[in-house]
1. Which residues, counting only those in region 108-145, are hydroxyl-bearing (Ser, Thr, Tyr) and more than 12 Å from Phe161 (Cβ to Cβ)?
2. Considering only region 65-79, I want to know if a residue exists there that is farther than 25 Å from Glu141 by Cα and more than 14 Å from the chain's Cα centre (by Cα).
3. Quick check on this structure: which one of Glu89, Glu58 is touching a helix residue (DSSP H, G or I) at 6+ places or on another chain (Cβ under 9 Å), modelled with pLDDT of 95 or more and under 26 Å from Phe183 (Cβ atoms)?
4. Is it the case that His151 is in a loop (DSSP other than H, G, I, E, B) and free of Cβ contacts under 8 Å to residues at least 12 places away in the same chain?
5. Go through (1) closer than 24 Å to Val98 by Cα; (2) surrounded by fewer than 16 Cβ atoms within 10 Å (Cβ to Cβ) for Arg187 and report which single condition fails.
6. Test Asn180 against the stated conditions and say whether it is at pLDDT 95 or above, more than 17 Å from the chain's Cα centre (by Cα) and among the polar types (S, T, N, Q).
7. Which residues, taken from region 159-201, are part of a loop (DSSP other than H, G, I, E, B), within 27 Å of Thr33 (Cα to Cα) and among the basic types (Lys, Arg)?
8. Kindly provide the set of residues from region 166-184 that are hydroxyl-bearing (Ser, Thr, Tyr) and surrounded by fewer than 15 Cβ atoms within 10 Å (Cβ to Cβ), ordered by number.
Amino acid sequence: MRRYSAKMLIILGVITSLFLGGCGSDSIQNDLTREKYFKSDATVTFYRYNLLGQKALEITGKPFMIVKYLRISNEYATDCYFGLSEVVETDIPGVAPVPHDTFLKPANIEAFPLFNFPDNSPILLPVVWDNKRITSNSGNEFSFEYYPTGHYDDRIEEWKFVFDSQSVKNSTFVIGAVRNIDFSKFRGIDSDLNSFRLDTL
């Protein structure tokens, strides 16, 4: 009986070590979020201001977005990554100009094959991961103040996204808007007509 028990203990030990080694317990504990992808085929317009608070640059492009959301609880948004493809920037006549943005290439964008950007499309990334003071992420709304420099007191824009579902996972589209909140240097952008729509991929 002792020899049988010893063998059983060895077998159980091997099985246990194999199970613990292969189940990826750290990734399971830390993998609390999922990503959802949204895109619009409609061209939308944003504006950048000069130091006098005048609209000086018109920015047009097609929005796309990646939203991180909790895979448990209410599946609400926790972060986002927002960009524009096929970007065109045009100076607004009659006011002091502002520098144009530096564009990225599609290959520089996360998950770019999913978005099916045209080859050599100019890409602009107004919002990247982190650097947000979240003001609402309950229900179907995700709002935040954005500080691209990484300094909390350097907030320049207020973004608001409203999903068509209480759960980001189940959403089929999202309505967004942005407004400048930097009234000293006017570095934030504004969205035309205060809203734009993106549909899930």
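The values are calculated or read from the model by the stated rules, or taken from the named source; none is laboratory data. Being a predicted model, the structure only gives us computed values, none of them experimental. A quick note on method: Cβ atoms are made from the backbone with ideal geometry, for glycine too, and the neighbour counts reach across all protein chains shown.
1. Those that are hydroxyl-bearing (Ser, Thr, Tyr) and more than 12 Å from Phe161 (Cβ to Cβ): Ser121, Ser138.
2. Quick first cut of region 65-79, residues farther than 25 Å from Glu141 by Cα only: none.
No, because not a single residue in region 65-79 is farther than 25 Å from Glu141 by Cα and more than 14 Å from the chain's Cα centre (by Cα).
3. Numbers: Glu89 fails: touching a helix residue (DSSP H, G or I) at 6+ places or on another chain (Cβ under 9 Å).
Only one candidate passes the filter, namely Glu58.
4. Details: in a loop (DSSP other than H, G, I, E, B): yes; free of Cβ contacts under 8 Å to residues at least 12 places away in the same chain: yes.
Spelling it out, His151 is indeed in a loop (DSSP other than H, G, I, E, B) and free of Cβ contacts under 8 Å to residues at least 12 places away in the same chain.
5. Unmet condition: (2).
6. Numbers: at pLDDT 95 or above: yes; more than 17 Å from the chain's Cα centre (by Cα): yes; among the polar types (S, T, N, Q): yes.
Yes, satisfied.
7. Lys169
8. We begin by selecting, within region 166-184, every residue hydroxyl-bearing (Ser, Thr, Tyr); these are 167, 171-172, 184.
Thr172, Ser184, listed by residue number.
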